[in-house]
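Each remark here refers to the structure printed beneath this line.
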Amino acid sequence: MYKRSEYKLIKSRLEEPRKFIQVVMGARQIGKSTVVKQVLKDINQPFQFFSADNVPNTNNSWISDCWDSCRSIMESNGYGSIILVIDEIQKIRNWSEAVKKEWDDDSFHDRNIKVLLLGSSRVLLEKGLSESLAGRFEEIRMSHWSYVEMRDCFGMTLDEYLFYGGYPGAASLIQDHDRFQQYIQAAIIDSTINKDILLDTPVGKPALLRQTLELGATYSGSLLSLTKMLGSLQDAGNTVTVAAYLNLLSDSGLLCGLQKFSIDTARRRASVPKFQVYNNALKNIYTPLSFQQVLLDRKEWGQIFESGIGAYLVSQAFVHRFEVFYWRERNDEVDFILRKKGSLVAIEVKSNAEKQTKGLSKFKELFNPRHAFIVGDGGVSAEEFFEMNLPQLF
């Protein structure tokens, strides 16, 4: 079975002496549970695996029950240590307080129970971690699957990856577009909105939230002001509401709005957003064109190509903790600006010979990035780009 790179990291953390709670976080259907089960199968330690997916969110005592079960098994079998794994932990209301209580009790009584938590709602996880578990945990962030992973595991071509994206569960469905769309809609979009967003977040207009996702995904890779966006939405609220919904969608690994790069923070926040999906499957389920039709449409394929590069960048940004912007001044623009600790990388995406790239030269003059290059026609090929180690660019 294919093993993602996080397999080694999770395995090494669980083989260390008990010190921190390990928290694996990432979007839905990217293989968090699968890689953890691979580790548990190969590691030479007893474990207990629980999932909160079908537990009422008000049942806070369920977490204590999981801990008590582990303690009983550990004591009755004379184990020196045991691993406790709880999946979809963010579903339980006030989960972090219950985890803190049980973890501290184990620490006080010298119980060697190692804890691994998994969750798909970034906002709910990080809220709980910052409120109750400061100093007690380490994050292991997981992204959507890259082209290299989808190619090596499923034999996907570059064009297929750019169109169908990087959801491993959907890889076997790409020959049947209707089934593929139904899977993305039900397993990814509906599950994320219903179980991760609406479950514990006050959303006044759920229909507007879904429309924001659909319209934003359709425009992925393009600039669209929130004011113009409101004119296209049926259940329109105001720009503040749409911006808040966009943040929720970003925290859930679906859709984000990239800000314009500027030294001035106020100008950056007031900029027109560039919509970007975290996985190109989320864009292309809304297109009326088939994979074969899109390949013959240069303009449409150019948008999909740029969105696919952007999806990879924002997914990697979550894992490696760098920021992604776009840059535009008058007629000059650069598709993606990466920033980490003051170091800049400028990337222009060029899917055909007609697109101008003079903005890259202008940005280099103004900001002196550490690296500036083209992905696509006349530059680094998409295959080479997807094989790059992005953190090493900074």
Residue list for region 20-40, restricted to those being of a type outside the set (Val, Ile, Thr), open to solvent by 60 Å² or more (accessible area, probe 1.4 Å) and farther than 14 Å from Leu84 by Cα: Gln29
Residues (more than 19 Å from Lys274 (Cα to Cα) and among the β-branched types (Val, Ile, Thr)) located in region 200-222: Thr201, Val203
Complete set of residues in region 229-259 that are in contact with a helix residue (DSSP H, G or I) (Cβ under 6 Å, 6 or more places away or on another chain), open to solvent by 40 Å² or more (accessible area, probe 1.4 Å) and closer than 24 Å to Arg141 by Cβ: Asp251, Gln259
Which numbered condition Phe367 misses (of (1) open to solvent by 30 Å² or more (accessible area, probe 1.4 Å); (2) at pLDDT 95 or above; (3) touching a Gly at 6+ places or on another chain (Cβ under 7 Å)): (3)
Helices (runs of 4 or more DSSP H) within region 254-334 that include 3 or more residues in contact (Cβ under 8 Å) with a residue 24 or more places away in the chain and among the hydroxyl-bearing types (Ser, Thr, Tyr): 298-320
Pair list, Cβ < 8 Å and 6+ apart or interchain, from region 237-248 residues that are free of Cβ contacts under 8 Å to residues at least 24 places away in the same chain to residues that are open to solvent by 40 Å² or more (accessible area, probe 1.4 Å): Thr239/Thr227
Long-range neighbours under 6 Å by Cβ, at least six apart or interchain, first residue within 20 Å of Ser96 (Cβ to Cβ) within region 48-75, second among the aromatic types (Phe, Trp, Tyr): Val55/Trp62; Cys66/Phe50
Residue under evaluation Gly359, criteria (1) modelled with pLDDT of 95 or more; (2) crowded, with 16+ Cβ neighbours inside 10 Å, criterion not met: (1)
Close pairs from region 148-162: first within 20 Å of Ile304 (Cα to Cα) and modelled with pLDDT under 95, partner surrounded by fewer than 20 Cβ atoms within 10 Å (Cβ to Cβ) and not small (Gly, Ala, Ser), Cβ under 9 Å, at least 6 apart: none
Residue within region 11-26 that is in a helix (DSSP H, G or I), of a type in the set (A, V, I, L, M, F, W, C) and within 25 Å of Ser250 (Cβ to Cβ) present: no
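The values are calculated or read from the model by the stated rules, or taken from the named source; none is laboratory data. Not measured: the values here are computed from a predicted model. Using ideal geometry, Cβ is built from the backbone for each residue, glycine included, and neighbour counts are taken over all protein chains shown. The area values use the complete protein model at the heavy-atom level, side chains included, leaving out ligands, DNA and RNA. Shrake-Rupley method; radii C 1.70, N 1.55, O 1.52, S 1.80 Å.
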